[in-house]
Structures are given as structure tokens and as C-alpha cells.
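Reviewing the structure listed below.
Bear in mind these aren't lab numbers, they're just calculated from the coordinates by the rules spelled out. Note that this is a predicted model, so its numbers are computed, not measured. Cβ atoms come from the backbone with ideal geometry, glycine included; neighbour counts cover every protein chain shown.
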């Protein structure tokens, strides 16, 4: 029987929060974005979270840290390029509490990873693989370029989830053949840096070659590369849960489409690369 996973991209405005439910019911969480009225972590209360990735240490990617007690992931990946002092330097007084709580939390993870725990093997998540790439060769003045990129794969179905990567990050990563192989020909791309022009890297998008690009954004922010992602995506029919209608779409944004669900994985149908179903306004 074909195995499938589901991914929810939360509408957290100018931030990122992605929850992936594996075929065995365990969760992978990518980033801890939130809003004043929405805490995605609360939805995970009592759930089995096997892997948490905080793509980089910008507040909009860990703003939900005050509710971190609702989960205790088996494995944590975080950027290790910045000290507590560097993160606090220049921060607003109102943000320092969250930054310190983030540092306390990530510092509590210091054990070695055993081979059977490796998310890249698919073993902990019944076939769902989570492969991660990050470069630490960039100028430290821009934390965005230290963002992780996570590639989710189940069967032949592939999803690429970016942090806030910009051109210097992509220049380093695209020089690596294993990275190019990993991101090539995905079904869905979660765009880097909230769809901004600064995160658009044409060679990377051409290689990913997605059916649909998803952008986590807000009306308050500029998403000037939306038209470019539209032109680079092949298009797919999505289900609008608000209207009950099917729509042919190329680029989805959380500011217009609300919470977005992507169901992906294996298929029992010969000739198909994998299962893909996309729902908006869930």
C-alpha cells in the first residue's frame, strides 16, 4: 500500500512554520514562526515530534519559542554559527527574552546522533526522508545565508523547503553536486526568504523545477519575486477548501490562500511520479 505524508504550511505572516506528518504519525517541524493570534506549536500538544529544524536564528523563525514546552523533539537541528552574545548584540530589549529562551532550548541538545535516528535515512519516519543542506562559508553579517534547506522525500515525491537563503548561500550550495541532485525536479518548492527578490536565485529555481511554489508571507511585506516563481512553476490543480472549487495554480501565498496543505508520497498507479494533493484555506 502506498505511503503518504502531509505537510501544513501555516499562515504566520512574515515568518515560517511547517509541520510534516509522516506515514507513521510522527512529526517533522521546520521553524517556529507564529503571530499574536496563532501558535502552531499548540497544535502539536501531545504529538510525537521526532525532528525539529530551526533554519536560522532570526526571530520570525522561532517566535513561537515561548510555547516550546508543548513539544520535546528527539532530534534538533539548528545553526551553530552564532553565539548567544552575537544573537543578543543589537537586539531590541523586547526581543531578548525570546532570544535567551531560544538559546537555552538549543543548548539543551548536545548529544550525538545515532545512525538509526538519522532523518535522512527514512528509518525514524517510515520511509519519509529529510535531508538537510546548509553552508557556513558566508559573511556572518547576514544570518539569512546560514539558513538550512530541507528536502523531504517519500518514494519519488520530493518537496524542497527553504529558510531565508539569499544569493551568497545559493552560490555555495549550488557548487555541490549532492545538493544539486537532492533538489532537482521537486513537486513543490517552499520559496526562500518569503518570496522576496533577495531570495530569488534563478539557477536554483530552474533546477527544482516545481509544479507549485508556496510562499509564506504577509501583506505588510514585499514579495516582489512572486511573478518570477509563477513563470518558473509548471502548475497544478489545487482544492480551495473555502469555496469548494478546484483551481489551476502556479504560486500559492499564505496571505491569500491561508494555511496550505500538501499531501505527497508514493503511488500505486503505474506511470505517476508520486501522490500530490494540495489544499488551500484549511
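Peptide packing for 145-152, 36-43 was compared via the average number of neighbouring C-beta atoms within 10 Å per residue; ordered from the highest value, the list is 145-152, 36-43. Of all DSSP bridge pairs formed entirely within the chain, close to 65 percent run antiparallel. Approximating the spin labels as points 7 Å out from Cα along Cα→Cβ, the residue 117-to-residue 224 distance works out to 4.4 nm.
Taken along the Cα-to-beta-carbon direction at a fixed 7 Å, the label points for residue 282 and residue 101 span 2.7 nm. Label point of residue 109 set 7 angstrom out along Cα-Cβ; within the range 1-35, amide nitrogens under 15 Å from it belong to 18-20, 27-33.
Annotation for residue 91 and residue 141: the two label points, set 7 Å from Cα along the Cα-Cβ direction, are 2.2 nm apart. Estimated from the Cβ-Cβ distance and a Förster radius of 30 angstrom, the FRET efficiency linking residue 246 and residue 74 is about 0.20. Computed from the Kirkwood radius of its Cα pairs, the Stokes-Einstein diffusion coefficient for the range 26-112 at 37 °C and 0.692 mPa s stands at 247 µm²/s.
At the listed q of 0.13, 0.16, 0.18, 0.19 Å⁻¹, the Debye profile of the range 138-282, built from one uniform point per Cα, gives log10 I(q)/I(0) equal to -0.56, -0.84, -1.05, -1.16. Stick to Cα atoms and the Kirkwood definition of Rh, then tell me Rg/Rh for the range 4-280. Across the range 4-280, the Cα-based Rg/Rh ratio is 0.94.
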